[in-house]
Amino acid sequence: MQLSTEHLSSEAITHINEWLSEPKYAEYKQELETLIHNEAWQVLEDSFFKVIEFGTGGRRGTTGVGSNRINKVTIGESAQALCLYALSFDPDAAKKGIVIACDTRLSSPELSRFTAQVIAANGFQAYIFDSFRATPELSFAVRHLGCAAGIVISASHNPPADNGFKAYWNDGGQLVAPHDKGVLAMAAAITEIHTVDFDQAVQDKKIVIIGQEVDDAYIAAASAQAEGTTRDIAIVYSPLHGAGQTNVLPVLRAAGFRTISEVTAQMVPDGHFPTIENGKPNPEERSANDQAVAQLMAESADIAITNDPDADRIGVMVRQGDEPVYLNGNQSAVLAADYTLKQLQQKGELTPKHYIAKTIVTTDMLTALARHYSVTMYTNMLIGFKYIGELILKKESTDEIFVIGGEESYGLLKGTYARDKDGAAGALPLAEYAAELKQDGKTLYDRLLELYNQHGLYVERLNTMVCPGASGFEQMQRIMTSLRESAPTDIEGHTVTALMDYASLQRQDLKTGETTPIDCQSGNVIVLEFGDSRRRITIRPSGTEPKLKFYIQWYAATEQGSPIRDQYEHIERQLEGMAKELEGILLKR
């Protein structure tokens, strides 16, 4: 059947014809021909309108046939390209090898095994874990084994149908510019994906299966980040059917926490995520934590901890009397940083050479804490923990000392044993702080309210517009373009005073017209300011999901005579109104 622009974009037609004619796509030719025969135009458009790109967390998307899908071609060409790219930087890269991990997703074992076959076929020593592991352990393993690179097959917290390819460089950090684009360019030029037989390659030691030795080293390194000794705390734990049982649980136990109650049904590794509403295993969504919270309250435990499937994110819930309090990622980061900095200060170890780090959409309360403890704050980083990993690498040649890094999307890293966020690195200081506070009859939430009283109210909110498929992608681009051409002047009675465009790296004062440079990497991000740099809305297309995200960050001084919690909730309601009005504005663009 002749493909026509009546049904498909020219970009989709170009990619479909490549998949029908070029040898590296042969495995999927029959399935593709069936889709064409059935005139599944919308499926074909969404699957082929672009080549799946390196976003915030690598290449990630729905599994299936297509250039904009995760399959053996997009995974295989990525792995082969990573080999070629690593060799262009290091002639010993093949001998150093590449280590591979995967999470509990449905296609992860198959795709990670295939990745090892590709790496071995390209002359590289391949290391692959014997079963699922957490993403942060892969980051650690790259450094521990002295590898040239690392790969995780995971789609993090995405729905069951998704998977992805996340690449790591020799420092254990995710690929950042220019490496991500460099690998993608090499992948596009590959005409044949090389593979070897897996079992034969294992027998020939071209593929080495790893496990306990790396696990033990990782657990020792992560648990060594403990600062305190108080352990009298009751914890409920769930990995949400994912890999957290291989990092968070053993690290907490190695650090001395004994009263840990597991959510039994969710300890089963299962990529269908059957016990979670809508199959979304994301601690950011309250419904994902339902079983852990129910067990927390039923057992009168102190805190509950959950992870996403690759266990780099952490959710923490606190039992506050007879109700649960869900800490968001910003609040968890504030408490973990406060605990760690306070411990170092009390030990007499804290100096101005210590630094903490966050991304531009993470709470400015961390900046207030850095000022309070007289340490350096680095915050001029785009969204994605990979930029914090890149910062740690840059600072290795200085006398500055990394303490802790956080991002609003429930990610924390304490120490430098890994170079990506780690659910264990978040769980440990928060469990320690909860135990210490319990001795004084307080909870993590009590301490959070004290910090608001001390530093002011920092309130954050994340909203998303789901924009699926090719039409959604075009909608997001249109909205971002229109914001650059004509920013809103007012949202819910609050005047927009400045626009920051991270594509041009220019900040424009909307009253005077004056422009000033932005110190950051460029990216497709727009920020609206409201008279104070701590009051802003950041808008960007997600790098991992078909969503337009807008992050509202707001600061207000505390008022005497009114409960802090009431003041916080009043601002939350205000931000909800702003979010609704902004979404209405964007939908009209």
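Values quoted throughout were computed directly from the atomic coordinates according to the rules given, and no laboratory measurement underlies them. Treat the numbers as computed from the prediction; the structure is a model and nothing was measured. Reconstructed Cβ throughout: ideal geometry from the backbone, glycine too, with neighbour counts over all protein chains shown.
Here are a few things to note about the model shown:
- Using the empirical formula 2.2 N^0.38 Å as the baseline, the Cα radius of gyration of region 1-49 reaches a ratio of 1.02.
- Counting 0.36 nm for each residue step from R478 to V466 and taking away their Cα separation leaves a gain of 2.9 nm.
- Hydrodynamic radius of the chain by the Kirkwood approach over all distinct alpha-carbon pairs: 24.8 Å.
- For the residue pairs K181/K394; K96/K421; K205/K395; K394/K442, the C-alpha atoms sit more than 28 angstrom apart in K205/K395; K394/K442.
- Centroid-to-centroid separation of region 520-566 and region 381-404 [C-alpha atoms, Å]: 22
- Residues in region 433-462 reached by a label modelled at M297 [backbone nitrogen below 18 Å; 7 Å Cα→Cβ]: 445
- In region 330-455, a dipole from Cβ-located charges (positive for Lys and Arg, negative for Asp and Glu) runs towards its positive end, and of I392, T367, N330 it is I392 whose Cα lies farthest in that direction.
- Phi-based couplings in Hz for region 436-451 (Karplus 6.51, -1.76, 1.60; Gly and Pro marked x): 5, 5, 4, 4, 9, x, 10, 10, 4, 5, 4, 5, 4, 5, 4, 5
- In summary, the aspartates and glutamates within cross-link reach of K353, defined as a Cα separation below 12 angstrom excluding same-chain residues under 8 places away, comprise D399, E400.
- What you get for region 457-587, charging only the Cβ of Lys and Arg (+1) and of Asp and Glu (-1), is a dipole of about 260 debye around the Cα centre.
- Based on the convex hull around the alpha carbon atoms, region 452-518 presents an average projected area of 6.9 nm².
- A helix-only calculation puts the chain at -12000 deg cm²/dmol for mean residue ellipticity at 222 nm, using -39500 (n - 2.57) for each DSSP H run of at least four residues, averaged over all residues.
- At full extension, A220 and D399 could sit 61.9 nm farther apart than now, given 0.36 nm per residue minus the alpha carbon distance.
- Unit charges on C-beta of K, R, D, E only; dipole of region 330-455, Debye: 100
- Within the same chain, lysines fewer than 8 places from K438 are excluded, and of the rest, those with a Cα less than 22 Å from its Cα are K342, K347.
- Likely footprinting exposure, I526, I151, fewest C-beta neighbours within 10 Å first: I526, I151
- With θ taken as phi - 60° and the Karplus curve 6.51 cos²θ - 1.76 cosθ + 1.60 applied, the whole-hertz 3J(HN,Hα) list for region 397-407 is 8, 10, 9, 6, 10, 6, 9, 7, x, x, 9 Hz, x standing for glycine and proline.
- In sequence order, calculated HN-Hα J values of region 151-156 (Karplus, 6.51, -1.76, 1.60; Hz; x Gly/Pro): 9, 10, 9, 6, 10, 6
- Once you divide the Cα radius of gyration of region 217-322 by 2.2 N^0.38 Å, the number left is 1.03.
- Using C-alpha pairs under 8 Å with a sequence gap of at least 6, the mean separation divided by the residue count of the chain gives a relative contact order of 12 percent.
- The lysines whose alpha-carbon is closer than 29 Å to the alpha-carbon of K580, local same-chain residues fewer than 8 away aside, are K280, K358, K511, K547, K549, K588.
- Taking the three principal axes of the alpha carbon atoms in region 20-96, the coordinate ranges are 49, 29, 15 Å, sorted in descending order.
- Estimated inter-spin distance, K588 and A265, nm [label 7 Å along Cα→Cβ]: 4.5
- Region 1-51 and region 328-355 have Cα centres lying 53 Å from one another.
- Each of S47, S9, S21 was placed along the dipole of region 1-49 (beta-carbon charges, centred on the mean Cα), and the one lying farthest toward the positive end is S21.
- For Y445, Y433, the sequence from fewest to most other C-beta atoms within 10 Å is Y445, Y433.
- Computed magnitude of the charge dipole of region 1-127 (debye, nearest 20; Cβ of K, R +1, Cβ of D, E -1): 580
- Note on region 101-224: dipole from Cβ charges, positive end direction compared against T191, I128, Q212; the farthest Cα belongs to T191.
- Estimated inter-spin distance, T512 and K181, nm [label 7 Å along Cα→Cβ]: 3.3
- Fraction of antiparallel bridges per DSSP, the chain only, in percent to nearest 5: 65
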